[in-house]
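Let me begin by presenting the structure, written as structure tokens, before commenting on it.
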Amino acid sequence: MVNAPSGAAPVISAWTAVSPLGLRGADFTAALRSGRPAARPLDPEEWSAPFREASLVPDFHIRQILGRKGTRSMDRATGLAVTAIRHLLTGEREHGEGERLPGVGEETGLALGTSTGSAQSIMDFTRDSLVGEKPFYVDPARFPNTVMNCAAGQSAIWHGLRGPNTTIAGGRATGLLALRYAVRLQRAGRAGAVLCGAVEEFSSARAWLEWHARADGDGADSAAVLGEGAAVWLLEPDASAREHGREGLAEVVGLEFGCAADAKAARTVLAEAIGRLLDRTGVTPGELSAVADSGAPGAEGEAELAALAAALGGEEPPRITVADTIGDTCAAAAAFQIAAVLAMAEREEIPSGGPALVTTVDRDGVVGAALLRIR
């Protein structure tokens with residue numbers, strides 16, 4: 001549990017997203033309202049995958065976006081993270097490309113969520129070690145891609161961030177877990193400003209892993225389209241944001257988590273977590289201006305909706321389900337849910353002062369909820 005009274009809560013003061021809706025946060029905001037799915041047919045010559053379609057980031061070519069220097073061995077997950085953080089640091093809404101966001105220096109921390117890092121890099125490197133003439137005939141430049149913290153580490157190196165650097169993995173709950181970690185870093189005095197978010201890549205390896213996971217599950221929805229992307233935001237004290245000319249977009253009022261043995265138990269555990277969160281923050285279900293659920297497929301998604309119905313006691317705030325548009329982004333799902341809340345707030349579809357609830361449920365048992373108050 002993380003809780004803070006209004007006014008003392010850390011604030012999200014900037015955000016961006018590299019998503020199937022476009023390379024920038026402005027693209028995400030503009031396209032989100034339409035609700036049109038971003039799924040497109042997969043080119044069988046490029047992707048060896050069991051699915052016919054996926055929601056891919058359009059025109060995402062690492063060398064074209066980031067340049068040739070330092071990108072020869074960069075995998076897709078790292079490229080997505082580095083690109084998103086670059087857009088955030090250059091302040092795509094208020095500043096021209098190349099101008100660093102004021103108040104974000106080398107001491108800034110980074111809490112980045114992922115699933116396994118890049119499943120494709122891990123499998124490719126392992127395969128090379130098995131089919132080569134000798135086990136050590138592999139490309140050493142690609143070895144860093146096989147560790148989970150590659151995207152976070154490379155992002156810090158690329159952008160000169162020397163503050164605390166942390167990789168978080170927790171399935172669909174990853175974005176909320178990364179947010180909690182960032183809040184704790186600030187409260188412990190380990191970092192002032194923290195870049196926070198999550199990344200997920202689409203790859204043939206991930207597609208096949210997901211295919212087999214769904215085949216082994218009891219209620220997994222095999223029709224759910226896989227998506228990819230990265231959503232990141234700047235978390236900082238309210239005083240710091242004001243000092244550098246930024247008005248906080250949303251306060252992080254509180255977070256709650258739980259663990260369930262299965263999807264059936266997830267309904268009860270998540271409902272209890274939401275209840276605790278609302279009680280601690282003094283917010284009633286009728287005061288909620290929006291609810292952003294994970295849109296998880298199968299039994300987990302059904303449990304999440306049932307938990308919301310139970311916890312909110314018949315109240316039905318406007319619902320945001322970004323997965324309907326960009327697909328199942330797995331580790332980046334909760335980060336995109338937060339981005340969707342911020343995007344709607346910028347369009348004034350969530351009123352100033354209105355609380356927004358973000359919920360998540362993962363098939364491995366982690367459930368969670370966050371409460372944001374729009375500025």
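At-a-glance table
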quantity	calculated
Hits in segment 240-262 (condition: among the small types (Gly, Ala, Ser), open to solvent by less than 30 Å² (accessible area, probe 1.4 Å) and over 18 Å from the mean Cα position of the chain (by Cα))	240, 241, 248, 258, 260
Exclusive hit being assigned to a loop (DSSP other than H, G, I, E, B) and either out of contact with any His (no Cβ under 6 Å at 6 or more places or on another chain) or not β-branched (Val, Ile, Thr) (or both), set 113, 103	103
Residue within segment 69-77 that is surrounded by fewer than 13 Cβ atoms within 10 Å (Cβ to Cβ), out of contact with any Cys (no Cβ under 6 Å at 6 or more places or on another chain) and modelled with pLDDT of 95 or more present	no
Residue 373, sole failed condition from (1) open to solvent by 40 Å² or more (accessible area, probe 1.4 Å); (2) not in a strand (DSSP E or B)	(2)
Segment 48-65, residues that are touching a residue at least 40 places away in the same chain (Cβ under 8 Å) and either more than 22 Å from residue 332 (Cβ to Cβ) or under 24 Å from the mean Cα position of the chain (by Cα) (or both)	48, 49, 51, 53, 54, 55, 56, 57, 60, 65
Boolean, residue 82 is part of a loop (DSSP other than H, G, I, E, B), within 23 Å of residue 331 (Cα to Cα) and either modelled with pLDDT under 95 or not charged (D, E, K, R) (or both)	no
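Conditions tested, residue by residue: (1) touching a helix residue (DSSP H, G or I) at 6+ places or on another chain (Cβ under 7 Å); (2) of a type in the set (Lys, Arg); (3) farther than 20 Å from residue 276 by Cα.
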residue	(1), (2), (3)
318	no, no, yes
323	yes, no, yes
334	yes, no, no
339	yes, no, yes
347	yes, yes, yes
364	yes, no, yes
371	yes, no, no
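The values are calculated or read from the model by the stated rules, or taken from the named source; none is laboratory data. Keep in mind that this is a model prediction, so the values were computed, not measured. Neighbour counts run over all protein chains shown; Cβ positions are idealised from the backbone, glycine included. Quick note on the areas: whole protein, heavy atoms, side chains included, nothing else; ligands and nucleic acids left out. Shrake-Rupley method; radii C 1.70, N 1.55, O 1.52, S 1.80 Å.
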